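First comes the structure, then the notes that go with it.
FYI, it's all coordinate maths here, none of it is from the lab. Remember, it's a predicted structure, so these values are computed and weren't measured experimentally. Positions of Cβ are generated from backbone atoms using ideal geometry, with glycine treated the same way; all protein chains shown enter the neighbour counts.
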Amino acid sequence: MTARLFAQYRSPAEFLRLSQADLETEIKEIGLFRSKAKNILAACRVLEEEFGGDVPRTLSELTTLPGVGRKTAKVVLSNAFGIPALAVDTHVFRVANRLGLAHSTRVEEVERQLEDVIPREEWIRTHHRLIWHGRRRCGARKPACESCTLRAHCEYFYDATGAIILKVN
Ligand code: SF4
């Protein structure tokens, strides 16, 4: 969807020519499209009014944009600008805790613990690796522990039904 959308609308100013209803139609195949359309337009307005139409390159500035939280801001910093940042989404949170790279029920604490143990130059790739592993092997409900290459390093082990049969530590 973004490939099509960004080919048509190249800047915040171009998005702002759309009405909310028009933008909703453009993005209706994604979840929560109404609130996302509202936030996109509100964020574009702030980008135009506060940042001269450019996307800022700091966490504090990015999180002033409507609809942009810490995770999204870090994804933008790392993926759009190549600035080291370790975004913690649901996969990163789950896999990091299972592997023992972090131990916390709080997202910001997991973020801080990961940043402590992962070298800064690996933050961006680690984010992608943990997401990849979470999607391919270490799913939320039935992680494929039997075929997981990280078993020896993991604090958890689940059987085929998704029940925990071993938890180290
Ligand atoms: S052994 Fe299981 S819980 Fe641990 S990382 Fe692999 S898939 Fe996830």
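Quick one: would you say R57 is charged (D, E, K, R) and part of a loop (DSSP other than H, G, I, E, B)?
Values: charged (D, E, K, R): yes; part of a loop (DSSP other than H, G, I, E, B): yes.
When the stated conditions are applied, R57 passes them.
With respect to R57, is the statement that it is more than 16 Å from the ligand (Cβ to nearest atom), touching a residue at least 12 places away in the same chain (Cβ under 8 Å) and in contact with an Asp or Glu (Cβ under 9 Å, 6 or more places away or on another chain) true? Break it down stepwise before answering.
On the way: more than 16 Å from the ligand (Cβ to nearest atom): yes; touching a residue at least 12 places away in the same chain (Cβ under 8 Å): yes; in contact with an Asp or Glu (Cβ under 9 Å, 6 or more places away or on another chain): no.
So R57 does not fit the description; no.
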Counted residues in region 127-146 being near the ligand (Cβ under 8 Å from one of its atoms) and either basic (K, R) or exposed (fewer than 12 other Cβ atoms within 10 Å of the Cβ) (or both) come to 1
Say we look at region 90-121 and pick out the residues that are closer than 19 Å to F157 by Cα and of a type in the set (D, E, K, R); which of these is surrounded by the fewest Cβ atoms within 10 Å (Cβ to Cβ)? R94
Where residues in region 154-167 are within 8 Å of the ligand (Cβ to nearest atom) and either under 25 Å from the mean Cα position of the chain (by Cα) or surrounded by fewer than 12 Cβ atoms within 10 Å (Cβ to Cβ) (or both), which of them is farthest from L101 (Cα to Cα)? Y156
